[in-house]
Amino acid sequence: MKFTLSWLKDHLDTQATLDEIVEKLTMIGLEVESVDDKSALKPFVIAKVLSAEKHPDADRLKVLSVDQGDGKPVQVICGAPNARTGLVGAFAAPGTYVPGIDTTLSVGKIRGVESHGMMCSERELQLSDEHTGIIDLPEDAPVGASFAEWAKLDDPVIEIGLTPNRPDCTSVYGIARDLAAAGLGTLKEGAIEPVAGQDACPVDVKIEAPELCPGFALRQVSGVKNGASPKWMQQRLMAIGLRPINALVDITNYVTFDRGRPLHVFDAAKVKGDLVIRRGKEGEKLLALDGREYELGPDNCVIADENGVESIAGVMGGEHSGCDENTTDVLIESALWEPYNIARTGRDLGIITDARYRFERGVDPEFMVPGLELATHLVQENCGGVASERRVVGYEGHTPKRVTFPTQEVERLTGLDVPGEESLSILSRLGFEPQGSGETVEVAVPSWRPDVDGKADLVEEVMRIHGVNRIEPQVMVSKDTVSTRVLTTGQIRTRAAKRALGVRGMMEAVTWSFVPETHAKLFAGDHPVQILANPIASDMSAMRPSLLPGLVAAAQRNADRGFADVALFEVGAAYEGDRPENQRQTAGGVRRGTARLEGAGRNWSGNVAPVDVFVAKADALAVLEACGAPVDKVQIEAGGPDWYHPGRSGTIKLGPKIVLGTFGEFHPRMLEALDVSGPLCGFEIFIDAIPEPKARATRTKPRLDISPFQAVKRDFAFVVDREVEAARLTRAAAAADKKLIRDVGVFDVFEGASLGEDKKSVAIEVTIQPVEKTLTEEDFEALADRIVQNVGKQTGGVLRG
Amino acid sequence: MDDLDQLEKTILDEIAGAGDEQALEAVRVSALGKKGTISEKLKTLGGMSPEERQVMGPAINGLKNRVNEALSSRRADLRDAAIAQRLEQEKVDVTLPVPASPAERGRIHPISQVVDEIAAIFGDLGFSIAEGPDIETDYYNFTALNFPEGHPAREMHDTFFFRPDEKGERKLLRTHTSPVQIRTMEAQKPPIRIVIPGKTYRADSDATHTPMFHQLEGLVIDKTANVANMKWVLTEFCKAYFEVPSLNMRFRPSFFPFTEPSLEVDIQCDRSNPGEVRFGEGDDWMEILGCGMVHPNVLRHGGLDPDEYQGFAWGMGIDRIAMLKYGMPDLRAFFDADVRWLDHYGFRPLDMPTLFGGLSS
């Protein structure tokens, strides 16, 4: 919402400075977004062309002698066709910044002739788009005076960012009312004398859709002359960015901004029959005033006559019945429209107008008729003509909302100690009508405040006018004890997972929750892909079912920038459906090239090997460990989801049902489908699949019994079938004596022709911890026999000879 | 006796001449071994007269002792020399680079770090952290928060919608973290003190807007919480978060459907140095958050009586306050995963924000 200072002062009698007004506006909730004090126009002075000669070397240029009022004419080169001896215009001396061409002038030579300044067009001063010639002022304009001051262009323009709850401040009058209530002056009388019309309005109005049109007022003014609107009106409209069109149209725009009352004018000669307010019919079309054709339907409210639709109600008029310089009889419409319908129509048709802006927020119903009267006055003053009587249809009057207001509510909600009388005085100044006195009063809400429904709204009114800055911060006693844990298990695990992966040399990425639909399908498994109806870009159309597609793409982007060895992780949501429980908190990571834990790339001490499935497995287990999962109880199963290499991937399970995560090298087909290159491995851990830790009565750790006897290590090498998994073998060895065997490690895996077809050798190191006594050589022999037997029984392995 | 002197000289010369421990051992054997020269001399003592033995005994034993001493001294020297030689051979170029420790190479994203900073501060103020789903229903995102159907305020949100399901119902991506207000009120009785960090979505994209961003919601509900308390909480938070001793904040009336009264908050700052914002000084105002008293209708939707319970809520951009504190110029880079950006703007994984150790190092 834009307005000028002088416009505001039409309604507000105030001594306040521009700065004070701006400060107050912001502090009462009408946030000032910009102030243009028009200082940019100050350097331009009124100057007279003493002579205009043809440029010696250019046909279209002229050499002017320009008097800027100091008796020292300067030479100026000018290309404007209207430059002539005697012209009075706006002159910019060297050193002046000319906003329309974004240039600071200097003395220059144009085709060999010096030019000491510039005679400006309106566009160069950003006054309008006019650029066919330089500004041509009346001959009596005072040479040497400030052009902006003389032309009344020095009126500061204020723009406020209006919140959607304040339709009353879509008008300069409403803003003045708020400022007056806040003590910045006195609101001037705003009542409007009705026009005594002659004869009935010749056009009748029928409302067929009363639910969309709660009132309609119309009047004809006959015998008007629709020329240009008065200069002052044009200047104000231009100052707020509107283009003057003709007097009738300008008046509607002026009243829209002055009083927040949108109007429409029809050329009566082009309206056939009476007006009908109804829902649009399927397939009905209207060529609107913006030159575009709109297709309408039953969701839109229209004003129609015997020709068909003439106007999209409350949004935009039609081209056909619009007013132009030939209009002699005008129909002025001032109506009420259902706000949500206007909002919907505007949105569906993609039309943003000053009328829609106001109607969708809710205009003052009680000003429908006065608005018509104000417009009639302005039309008659500027265009002449004879007004008919007004015709008002459908309007049943306004019943003010009443709010029960305990004045103590102000202190309850804000902490502000405002005396009851002061609260009621503020409300009265804003146009509310408190009835009675005492601790609780009934307050009638003015017709221009549809946003006010309850007592909290009244508290806001009192608070903003009394002054938010008068509220002293009050300590909120937070506790009388030391804080306990703040985070939930899930939050702690999320945090721990991030830190754990960070210390493994990985960088945390935050990638979009949306991925290309094709990628989402590749990673969705059996889950339905969640697709956006209105994505911002086609490659951001589906919710990620896994963190991997985003991370793989991110790794590739880095590779394309020259960083081939990257380790990225992310901890966040993956979406397996559209219900809250389908949103799974996941820790995922990818490593590319040689980005291993120990470092990446080439090194004088030995080059780092490419990443592989075991690197991903280590990351995955590190996350589980950090999250406090029972890592000693998990099983690693061969194979994983489709996107992994079937022989180089694994699934981490807890019991037969709970899948904690997966890891692996990516399937070559998947790399192809994602258009990326490897080596690339990745993992995912489903944080919310990790069981809650058991509640413990104490923090005491279990007793530690340290054996006084020396631990002993024994090595065994078994030849087994190639298919036998190492984990099976180590489990079998460990099971030989659960008490004595502390640990079983694998220190060598070897395949070779010497072992026979499809055979491999697995060498294990068994750590034996005697607990009760030192073991004898016979004890060790017996244990070793049990290990060999158990491994033989469970894996078919034989001790390698 | 002369031959003893001669023998001693010969042996000591041989000891001195032994170049390594092996040669020295040969000398020892030739002198003190079973058939060594000194051993042979000792054997002769048995055949001597007592008088003769009285003289020769000490002489030969003295020779033996001196040779033993010389041997061990020489052995020690040879060992020292051998170690010195080994050390010289084992010398390496210690200026060769070593790989950085993984903990130094890894990085935590600024959003995670800032969320931890926020949790540290609000944890101290007695708040807990709540969360909610990104995919929401129209009810939780709008209706329950007092956005009437068709209200223009809904349009300010540029909502992402999903395709309608069989029942014609369409889910959406939450446009703010405020739905968690309702979910919390449904799940928990007052007093409520929560902050809600999370992802939010709006169809918007430029240097300061991305279709996905992060918000921090706060909610306090009890029987007394008012605007004055809210001012205190938010001022304390901002001071602690920006790590400045004092801060000027401007609360001004505004509008949000789910709060009444509503306010926006600006922080005084100095932006005269491009790319840097200094708080607690300067004469610029920067909008930082929106807040207000929870609207009675929202309390009702949460199952609470607005005449019994009251409270306040606020929302601010996590990415935005991260940018303000740490100086990232472009929001879009947050989500690009460029390792150069992560390395520069990210945090070391062991730098964990705490109040006792300072939020940032």
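Only the coordinates and a few stated rules stand behind these numbers; no lab work does. The shown structure was predicted, so the numbers you read here are calculated from the model rather than taken from an experiment. Reconstructed Cβ throughout: ideal geometry from the backbone, glycine too, with neighbour counts over all protein chains shown.
Figures for the structure shown
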quantity	calculated
Per-peptide average of other Cβ atoms within 10 Å, ordering A:678-684, B:140-146, A:635-641 highest first	A:678-684, B:140-146, A:635-641
Eligible lysines near A:K2 by straight Cα distance, threshold 30 Å, same-chain separation 8 or greater	A:K24, A:K38, A:K42, A:K152, A:K188, A:K225, A:K231, A:K401
Per principal axis, descending, Cα span of the range A:712-799 in whole Å	44, 19, 19
Inter-label distance, nm, simple model (7 Å from Cα along the C-beta direction), A:Q75/A:S605	8.1
C-alpha center-to-center spacing [the range A:323-370, the range A:237-287] in angstrom	7
Protection-proxy order for peptides A:376-382, A:598-604, A:697-703, each taking the mean of Cβ atoms within 10 Å per residue, highest first	A:376-382, A:598-604, A:697-703
29 Å Cα-Cα threshold exceeded, pairs from A:K657/A:K694; A:K653/B:K167; A:K206/A:K455	A:K653/B:K167; A:K206/A:K455
Peptide A:768-775 - average C-beta neighbours from other chains (10 Å radius)	0
Peptide B:219-231 - average C-beta neighbours from other chains (10 Å radius)	5
Per DSSP, loop GluC sites (Glu not before Pro) in the range B:107-206 with at most 14 further Cβ within 10 Å	B:E149, B:E166, B:E169
Low-density loop cleavage sites - trypsin sites (Lys or Arg not before Pro) in the range B:128-223, where at most 15 other Cβ are within 10 Å (DSSP)	B:K167, B:R170, B:K223
Helix axis angle, A:339-349 relative to chain A longest principal axis, alpha carbon, degrees	70
Taking A:S128, A:S546, A:S605 and counting other C-beta atoms within 10 Å, the order from fewest to most	A:S605, A:S128, A:S546
Loop sites in the range A:135-214: GluC sites (Glu not before Pro), DSSP, at most 12 other Cβ within 10 Å	A:E139, A:E189, A:E208, A:E211
Radius ratio Rg over Rh of the range B:237-328, counting only Cα atoms, Kirkwood formula for Rh	1.08
Net charge, A:A533 excluded, C-beta distance under 9 Å - Lys, Arg +1, Asp, Glu -1	+2
Between helix B:21-32 and chain B: long-axis angle, C-alpha atoms, 0 to 90°, nearest 10	30
Value in Å of the Kirkwood radius, where the range A:40-150 supplies the Cα pairs that are averaged	13.7
Rg/Rh for the range A:205-393, where both radii come from Cα atoms and Rh is the Kirkwood radius	0.93
Inter-part distance where the range B:38-68 and the range A:430-455 are each reduced to a Cα centre, Å	131
Listed peptides B:93-102, B:7-16, A:12-21, A:657-666 by packing density, highest first (mean Cβ within 10 Å)	A:657-666, B:7-16, A:12-21, B:93-102
Where the Cα pairs of the range A:405-469 fall when distances are cut into 5 Å bins, in %	4, 19, 36, 27, 12, 2
Inter-centroid distance (Cα atoms) of the range A:565-582 relative to the range A:724-752, Å	36
Net charge of Cβ neighbours under 10 Å - reference B:Q215; Lys, Arg +1; Asp, Glu -1	+1
Column: log10 I(q)/I(0), Debye, Cα scatterers of chain A, q = 0.06, 0.07, 0.09 Å⁻¹	-0.70, -0.83, -1.03
If the convex hull is drawn through the Cα atoms of the range B:37-134, its volume per residue in Å³	323
Partners for B:K41 among lysines (Cα-Cα distance below 30 Å; same-chain residues under 8 apart left out)	B:K9, B:K64
Summed side-chain charge close to A:F405 - residues other than A:F405 whose Cβ falls under 9 Å, Lys, Arg +1, Asp, Glu -1	-1
Average other protein chain Cβ within 10 Å of Cβ, residues A:453-466	4
Potential lengthening between A:D37 and A:R742 on full extension [0.36 nm per residue; Cα-Cα distance subtracted]	245.4 nm
At R0 = 41 Å, FRET efficiency that the Cβ-Cβ distance of A:E114 and B:R271 yields, to 0.05	0.45
